[in-house]
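Peer 1: If you scroll down you'll find the structure; I have some questions about it.
The values are calculated or read from the model by the stated rules, or taken from the named source; none is laboratory data. Owing to the predicted nature of the structure, the values given are computational and were not obtained by experimental measurement. Quick reminder, even Gly has a Cβ in these numbers, built from the backbone with ideal geometry, and neighbours come from all protein chains shown. Areas reflect the complete protein model, heavy atoms only, side chains present, ligands, DNA and RNA absent. Shrake-Rupley method; radii C 1.70, N 1.55, O 1.52, S 1.80 Å.
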Amino acid sequence: MTSLSLCMIMRDEERLIPEFLDHSRGLYDQFVVVDTGSVDRTVPLLTAAGAEVHRQPWRDDFARARNESLRHATGDWILVLDADEFPQEGFAEEIRALIASPGVGAATILRHDEQKNGIVRKARPLRLFHNDPGVAYRCRIHEDASESIAAMLAKRGERIAALETPVRHVGYLPQHMTGQNKERRDERLLKLALKDDPKDLYSRYKLLELYRFWGKAAKTAPIARECRRLIEAGQRIVPAHIAGDLVEMIRGALFAKDAEGGLAFLESMAPVADQTGHYHLACGLLLENKACFAEAGERFRRAMAVATLDPARALIETRALAGLTRLAMAQGDMAGAKAHARAAAQISPDDAEIALALGFLESLRL
């Protein structure tokens, strides 16, 4: 029988562990945890649950801790989760079926990110993969193993699948974000990563993303200028799926009051970002604002077409369908707008813009 190792890193997670354990029953054959310095009851709780707990001093490096957990895995497959991610009913059964499927070497999970005001965003991080010595995480924070997993899949001639049973994620709720002072910690680690590698585009991307999340727009321009310089000098964007979101954040930081300059900048970034949904969304929005409706529609449809394997697929599809809804309404095609809004609501039922548009369109009784 194919075996599965659950690999995690933790520190002071005693509040979350009971719920996590309750949701992960029957999920794994081996439970590996690297503890990076807990002073609460994390370790006793995990040990009582049968986990193999390995201590590693914290060295300001999440990738280092992740790779230590992989080193202890003995299963044929590895699943990586965090303590604030709770698999929902049916997850274990779906994984067992998937890892027995020929031709599959890795899979994304469907994570429901709970946020303030009851909003839930969907993401598809790559968390399940064959236990292979070539797989390793990189980056001190927001650690990523996608490049090494891609190399492993190419070597084995296998593909990435997608799990559909949700994993509930509570780490973005305000009480978790502020309670652990994540903003200051993340900023410090990202700046350390840039000292490690001054050409690191990924960590700069994560800094821009951090400032966007916390509403710190004033901090973005210097980072954005460095990103632009590195990209134009030929620095590769890794992982490739972040390229569209990265160039859009650069545009927002440097061309916020210059729509024409921003669109020209985005067009110049096509060679590095054309394969991503976020890129075409950004172009579509600027074209929509110029009332170039046909061109904007093409961009929104293109965004959905290229987002198939993007971790933010649900968000991209929702925003693209919202764009198509607005375009149809602007051109008097209320039936088309209704169809787009309904499709978006199927993906993101709690999206405020879609709910408002659909409520209006439903009232027309088309």
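Peer 1: Quick one: angle between helix 201-213 and the longest Cα principal axis of the chain, in degrees between 0 and 90, rounded to 10, please.
Peer 2: Long axis of 201-213 versus the principal axis of the chain: about 70 degrees.
Peer 1: With a sphere of radius 10 Å drawn around the Cβ of His340, what net charge do the other residues whose Cβ falls strictly inside it have (Lys, Arg +1; Asp, Glu -1)?
Peer 2: Values: positive: Arg326, Lys338, Arg342; negative: Asp333.
My count for the surroundings of His340 gives +2.
Peer 1: In square angstrom, rounded to the nearest 10, how much accessible surface does Cys283 have for a 1.4 Å probe?
Peer 2: Estimated to the nearest 10 Å², Cys283 gives 0 Å².
Peer 1: Once both axes come from the Cα atoms, what is the angle between helix 220-232 and the longest principal axis of the chain, in degrees from 0 to 90, rounded to 10?
Peer 2: Its long axis makes an angle of about 90 degrees.
Peer 1: Of all the accessible heavy-atom surface of the range 129-216, with the other protein chains kept in place and a 1.4 Å probe, what percent is carbon and sulfur? Working shown, then result.
Peer 2: Details: 2180 of 4280 Å².
Carbon and sulfur atoms account for 51 percent of the accessible area of the range 129-216.
Peer 1: Let me ask something additional. Going by alpha carbons, how many degrees (0 to 90, nearest 10) lie between the helix axis of 277-289 and the longest principal axis of the chain?
Peer 2: In the chain, helix 277-289 runs at an angle near 20 degrees to the longest axis.
Peer 1: Would you list, by chain and number, the lysines whose Cα falls below 19 Å from the Cα of Lys122, excluding same-chain residues fewer than 8 positions away?
Peer 2: Filter leaves Lys206.
Peer 1: Further question on the same structure: Give me the accessible area per residue for the chain, probe 1.4 Å, as a whole number in Å².
Peer 2: That works out to 46 Å² for each residue.
Peer 1: Are there trypsin sites (Lys or Arg not before Pro) in the range 239-308 that DSSP marks as loop and that have at most 16 other Cβ atoms within 10 Å, and which are they? Let's see the in-between values first.
Peer 2: Details: sites: Arg251, Lys257, Lys290, Arg299, Arg301, Arg302; in loops: Lys257, Lys290.
Listed in order of number, the matching sites are Lys257, Lys290.
Peer 1: Provide the packing ranking of 153-163, 8-18, i.e. peptides ordered by the mean count of other C-beta atoms within 10 Å per residue, highest first.
Peer 2: On the way: 153-163: 14.4, 8-18: 18.9.
Put in order of decreasing packing, that is 8-18, 153-163.
Peer 1: Going through the range 81-146, which GluC sites (Glu not before Pro) have at most 15 other Cβ atoms within 10 Å and a DSSP loop state?
Peer 2: Working: sites: Glu85, Glu89, Glu93, Glu94, Glu114, Glu143; in loops: Glu89, Glu143.
Answer by residue number: Glu89.
Peer 1: Let me ask another. Expressed as a whole percentage, what fraction of the accessible surface of the range 252-366 belongs to carbon and sulfur atoms when a 1.4 Å probe is rolled over the protein heavy atoms? Write out the running numbers ahead of the final one.
Peer 2: Values: 3210 of 5520 Å².
Ligands and nucleic acids excluded, carbon and sulfur reach 58 percent.
Peer 1: Per the helix-only calculation at 222 nm, which mean residue ellipticity applies to the chain, given -39500 (n - 2.57) for every DSSP H run of n ≥ 4 and division by its residues, nearest 500 deg cm²/dmol? Let's see the in-between values first.
Peer 2: Numbers: 17 runs with 188 residues, N = 366.
Helices in the chain give a 222 nm mean residue ellipticity of -15500 deg cm²/dmol.
Peer 1: Right, another one. Kindly flag which residue pairs out of Lys116/Lys191; Lys116/Lys338; Lys219/Lys290; Lys155/Lys219; Lys116/Lys155 have an alpha-carbon separation exceeding 31 Å in this structure.
Peer 2: Listed pairs above 31 Å: Lys155/Lys219; Lys116/Lys155.
Peer 1: Could you tell me what percent of the DSSP beta bridges with both partners in the range 1-120 are antiparallel, to the nearest 5? Could you put the intermediate results ahead of the total?
Peer 2: Working: 1 of 15 bridges.
Bridges in the range 1-120 are about 5 percent antiparallel.
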